[in-house]
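First the structure, then my questions, so here it is.
The values are calculated or read from the model by the stated rules, or taken from the named source; none is laboratory data. Owing to the predicted nature of the structure, the values given are computational and were not obtained by experimental measurement. Positions of Cβ are backbone-derived with ideal geometry, glycine not excepted, and every protein chain shown enters the neighbour counts.
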Amino acid sequence: MRLWARLKEFLREVKACGLVEAVLLNGSFVTSKPAPNDIDLILVVRENHDFSADLAAEEYNVLSKRRVFRRHQFDLLVARAGSEEFHRYVAFFQQVRLEPDKRKGIPRIVV
């Protein structure tokens, strides 16, 4: 399955699970590469999300880093909205390879 089709399928799953408020994109998929080969994601869960709660199968399929990589080949980070982790992950995604003084924008999909 092509990269774009895998992303669309994953975003449908994200929306259906109801736990995620936004998805931030990174990787070669959001560059000018003629043949992008990877997508990196930050899933932003609601501020009050309980990471210790039991998950239904469809929720686990979206929030599990291993499951997402196995099913879609996406690298995944998960953070609560506004948390320290969220800000750290965003700062990491904004880095420009080999140009430490520059920052880039990140596409954000609200689900």
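Residues in the range 39-64 that are surrounded by 14 or more Cβ atoms within 10 Å (Cβ to Cβ), more than 15 Å from ALA16 (Cβ to Cβ) and out of contact with any Asp or Glu (no Cβ under 6 Å at 6 or more places or on another chain): how many?
Total satisfying the criteria: 5.
Could you say which residue among ALA5, ALA56, ALA22, ALA16 is touching a Lys or Arg at 6+ places or on another chain (Cβ under 8 Å) and among the hydrophobic types (A, V, I, L, M, F, W, C)?
Of the residues listed, the single one that is touching a Lys or Arg at 6+ places or on another chain (Cβ under 8 Å) and among the hydrophobic types (A, V, I, L, M, F, W, C) is ALA22.
Follow-up question, since we're still on this one. For the range 77-107: of the residues being modelled with pLDDT under 95 and in a strand (DSSP E or B), which is surrounded by the fewest Cβ atoms within 10 Å (Cβ to Cβ)?
For the range 77-107, the residue satisfying everything is ASP101.
Sort out which residues of the range 65-111 are within 23 Å of GLU9 (Cβ to Cβ), free of Cβ contacts under 8 Å to residues at least 24 places away in the same chain and touching a strand residue (DSSP E or B) at 6+ places or on another chain (Cβ under 8 Å), and write them in order of number.
LYS65, PHE69
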